[in-house]
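The values are calculated or read from the model by the stated rules, or taken from the named source; none is laboratory data. Just so it is clear, the structure is predicted and the values come from calculations on it, not from any experiment. Backbone-built Cβ (ideal geometry, glycine too); neighbour counts: all protein chains shown. Accessible surface is based on the protein model in full, side chains and every heavy atom, while ligands, DNA and RNA are left aside. Shrake-Rupley method; radii C 1.70, N 1.55, O 1.52, S 1.80 Å.
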Amino acid sequence: MSASAGAPVQLRGLHKRFGDTVALDDVTFDVAPGELYGLVGPDGGGKTTLFRVLTTLLLPDAGSATVLGRDVRTDLWEIRARVGYMPGRFSLYPDLSVEENLAFFASVFGTSITAGYELIAPIYRQIEPFKTRRAGQLSGGMKQKLALSCALVHRPELLLLDEPTTGVDAVSRREFWDLLHDLQASGLTIVVSTPYMDEADRCDRVALMQKGRVLAIDTPRAIGAAFPRALFAVRGAPRHATIEALRAYPHLASVQPFGDTLHFSDRRAELPPAHVMREVGAWLQGRGIREVAVAPIAPGIEDAFMALMGDAP
Amino acid sequence: MNAIMVRELTRRFGRFTAVDAISVDVAAGEVFGFLGANGAGKTTAIKMLIGLLAPSSGSARVAGYDVLTQSDAVRRNIGYMSQRFSLYDDLSTRENISLYGGIYGLRDAEIRTRGDELLRHLGMEPIADALVGTLPLGWKQKLAFSVALLHRPAVVFLDEPTGGVDPVTRRQFWEMIYAAAARGTTVFVTTHYMDEAEYCDRLSIMVDGRIAAMGTPAALKAEFGVASIDEVFVRLARPATAAAGG
């Protein structure tokens, strides 16, 4: 997936400042045709600014951005016609009905609901029974499906989604990602930002962003594998006392709660895992922790992401 | 005495029953996860528990007070934060603290000492005069949680406190939840992050207005024979989602 003339998104040394705040700092990457590309990072990482540059709503201070082979500085009208964008905040007209919103977006792009129906059908059919309801009165999951339908109604070649699933329940999120995979299978290139690491795992590649910089770009699997130390899943009761005991462990590199376990790594990367497991188990038992269990575990993207962010305490 | 006691609590809107005879007890100092899909009735239930919405039938006591007949006393003894509404963006950090301290009936001297303590604890002293709207989301959420605890309430309600927040900040937020619970505060929290559900002492899962399952994370996983709360949630919530048309 090296740089090529055909890459739907090509970014070279993008910079953007707002006053003293650096929103984008030397951002360079390519998105390949048909790729499902994830932008992952904390709030303030630069993801939304990047989407605004890609949609020609904001000019970069320096560097270049090419979208579908066109320059964001000079070819804004062509880019806008060929890109679908779902902003992070709900941005439909709450006083218009579901159908009116969709018809409006279609007409702005010089098309009609009928012309674009095939692409949006799998999504729009789910909200069509409510087509006369005002958009402001839809549930969160239905608003999201309407917003996606509006972003797709003009049959774009590139779909840009800024945190589409924030505030959406776990089941609806899963269904939304199934839809994204269907859209990808139809040939669409998709760039999506998310704070959810399980969603990052469903991307072909992800760029981890923090404070405007790209920390890493790779497949989710490769990013996880780049975690710098051996990782262990630790259990113990009481749970919070177990965290405290691990924090007091002299060779601690990191400890983070992970579902019903704690992910722990030892600073002495050269030690055999069996040695670490024995020593940590004994340390916890010596501090009165019950039901201690320590097992090796393969690091995932969330582990790697936190390590890259600096293993905050 | 339990910090929250809910008996057959019900709320109807016209013909639609948003909350359907739910019963829950939450012990003092417990971290209770209140889960459910969008539209399952969580927000309606919480509105009744914080005294903002009258139940159609059933009863609930929060911090020892009846939510229907003693709603003022309920509101004085609880903290509340949600992702949608918590702090005023165009007030500074310190002004938000003063405003909420005043609303919760603290004296000026208390607001000053507790406010200073809060800012020091969060490491936010250097930005005490920055407008809240300029702060990163993670900081805002930590500040909102601390402000919700400023008057040392017996119970705090957190409605999706970590929505959209990065993995490191989410974990720092949960450290704050544990610390509050360790001081005896009862925490009633909703989340869409199923890994966070595993951090709760107990949790319930709402489906179509009813509580479909309740227990410790370990007991629920055993009951459904699955390895994670995520799987429990999917099994319970998926039929409901399909029936509601998404």
Write out, first by first residue and then by second, each pair whose Cβ atoms fall under 9 Å of each other, whose residues are 6+ apart or on separate chains, and whose first residue, in region A:205-231, is in a loop (DSSP other than H, G, I, E, B) while the second is basic (Lys, Arg). A:Gly212/A:Lys16; A:Gly212/A:Arg17; A:Thr219/A:Arg205; A:Arg229/A:Arg267; A:Arg229/A:Arg268
With respect to B:Ala181, determine if the residue is modelled with pLDDT of 90 or more, farther than 23 Å from B:Ala18 by Cβ and open to solvent by less than 10 Å² (accessible area, probe 1.4 Å). no
Going through region A:21-63 one residue at a time, which ones are among the small types (Gly, Ala, Ser) and under 24 Å from A:Phe176 (Cα atoms)? A:Ala32, A:Gly34, A:Gly38, A:Gly41, A:Gly45, A:Gly46
So in region A:236-268, with the set limited to residues that are surrounded by fewer than 17 Cβ atoms within 10 Å (Cβ to Cβ) and of a type in the set (Lys, Arg), which one is nearest to A:Glu291 (Cα to Cα)? A:Arg247
Restricting region B:167-210 to residues that are out of contact with any strand residue (DSSP E or B) (no Cβ under 7 Å at 6 or more places or on another chain), aromatic (Phe, Trp, Tyr) and without any contact (Cβ under 8 Å) to a residue 60 or more places away in the chain, the one farthest from B:Gly33 (Cα to Cα) turns out to be B:Phe173
Kindly state which helices (runs of 4 or more DSSP H) lie completely within region B:105-183 and contain at least 2 residues that are among the charged types (D, E, K, R) and either within 26 Å of B:Gly51 (Cα to Cα) or not assigned by TED's automatic domain parsing to the domain that holds B:Val26 (or both). B:108-122, B:137-148
Scan of region B:32-54 for residues that are open to solvent by less than 20 Å² (accessible area, probe 1.4 Å) and small (Gly, Ala, Ser), ordered by number: B:Gly33, B:Gly36, B:Ala37, B:Ala40, B:Gly41, B:Ala45, B:Gly51
Across region A:148-195, the tally of residues that are in contact (Cβ under 8 Å) with a residue 60 or more places away in the chain, open to solvent by 20 Å² or more (accessible area, probe 1.4 Å), more than 10 Å from chain B (Cβ to nearest Cβ) and touching a helix residue (DSSP H, G or I) at 6+ places or on another chain (Cβ under 9 Å) stands at 4
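Let's see how each residue does on (1) within 14 Å of chain A (Cβ to nearest Cβ); (2) open to solvent by less than 10 Å² (accessible area, probe 1.4 Å):
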site	(1), (2)
B:Ile127	yes, no
B:Pro136	yes, no
B:Gln141	yes, yes
B:Phe145	no, yes
B:Val156	no, yes
B:Asp159	yes, yes
B:Pro167	yes, yes
